[in-house]
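**Student:** My structure is below; once you've seen it, I'll send some questions.
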Amino acid sequence: MIIYDLDCAAGHQFEGWFNRSEDYLEQEQNGLLSCPVCGSRQVKKLPTASYINTHAKPPQKVPDTAAKAPSEKQLATWNALEKLHDYVDQHFKDVGADFPEEARKIHYGEAEARNIRGSATREEAKALIEEGVEAIPLPVRPYPKNKLN
Ligand SMILES: [Zn+2]
């Protein structure tokens, strides 16, 4: 499961949940992504700074795509995001700025296979993904709930 921070032409930010990064690319290329707030199809992925490299899946069940309305469903999504962050905090070793190097070592069998998290620039992440190294963007923690009102 991959979660992307997305935003639309009007600046609404929301999360998109995809089984694989290819699913995101396919939906983006076919214009299937739309903003749950205004319906805009001009949706793009936001740059994110945190990535995880995982061979384990987060435990919670989540929908494939973002909820249609910013409602209880979105709240549930945000709660799931909180849980995801808690899960990552507990189960992923933070390697900080060494993430690209460590992820590469794990990929090539030069380091013990384990779950790691850390930071990478967009260029570093792109290079990793092009090499076939798993680097999944980790969305920022959700907004405080009082911003919903
Ligand atoms: Zn929008």
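The values are calculated or read from the model by the stated rules, or taken from the named source; none is laboratory data. Owing to the predicted nature of the structure, the values given are computational and were not obtained by experimental measurement. Cβ: placed from backbone, ideal geometry, glycine included. Neighbour counts: every protein chain shown. Accessible surface areas use protein heavy atoms only, side chains included; no ligands, DNA or RNA. Shrake-Rupley method; radii C 1.70, N 1.55, O 1.52, S 1.80 Å.
**Student:** Could you list, ordered by first residue, the pairs with Cβ atoms under 8 Å in which the first is in region 91-118 and acidic (D, E) and the second is assigned to a loop (DSSP other than H, G, I, E, B), at least 6 apart or interchain?
**Tutor:** Close Cβ pairs (under 8 Å, with a partner that is assigned to a loop (DSSP other than H, G, I, E, B)) amount to E102/A111.
**Student:** I've got another one for you. How many of the residues making up region 137-149 are modelled with pLDDT of 60 or more and open to solvent by 70 Å² or more (accessible area, probe 1.4 Å)?
**Tutor:** From region 137-149, those modelled with pLDDT of 60 or more are 137-142; that's our starting set.
Cutting the leftovers down to open to solvent by 70 Å² or more (accessible area, probe 1.4 Å) gives us 140-141.
Within region 137-149, residues that are modelled with pLDDT of 60 or more and open to solvent by 70 Å² or more (accessible area, probe 1.4 Å) number 2.
**Student:** Among the residues of region 21-37, what is the count of those that are among the hydroxyl-bearing types (S, T, Y) and either surrounded by fewer than 17 Cβ atoms within 10 Å (Cβ to Cβ) or at pLDDT below 85 (or both)? If you could, list the steps in order and put the result at the bottom.
**Tutor:** Going through region 21-37, the residues among the hydroxyl-bearing types (S, T, Y) turn out to be 21, 24, 34.
Still in the list and also either surrounded by fewer than 17 Cβ atoms within 10 Å (Cβ to Cβ) or at pLDDT below 85 (or both): 21.
Counting residues in region 21-37 that are among the hydroxyl-bearing types (S, T, Y) and either surrounded by fewer than 17 Cβ atoms within 10 Å (Cβ to Cβ) or at pLDDT below 85 (or both) gives 1.
**Student:** Give the residues of region 1-43 that are of a type in the set (S, T, N, Q) and more than 13 Å from the ligand (Cβ to nearest atom), sorted by residue number.
**Tutor:** Just the residues of region 1-43 that are of a type in the set (S, T, N, Q), to begin with: 13, 19, 21, 27, 29-30, 34, 40, 42.
Within region 1-43, N19, S21, Q27, Q29, N30 meet the criteria.
**Student:** Another question, if that's okay. Filter region 15-41 down to the residues that are closer than 17 Å to I3 by Cβ, among the charged types (D, E, K, R) and in a loop (DSSP other than H, G, I, E, B) and list them by number.
**Tutor:** Across region 15-41, the qualifying residue is only R20.
**Student:** Starting from region 7-20, keep only residues that are surrounded by fewer than 12 Cβ atoms within 10 Å (Cβ to Cβ), then list their pairs with residues that are not in a strand (DSSP E or B) whose Cβ atoms are within a distance under 6 Å, requiring at least 6 positions of separation or different chains.
**Tutor:** Pairs found: A10/C38; A10/S40.
**Student:** Same structure, new question: Which members of region 78-136 meet the condition of being open to solvent by 80 Å² or more (accessible area, probe 1.4 Å) and assigned to a strand (DSSP E or B)?
**Tutor:** K93, D94
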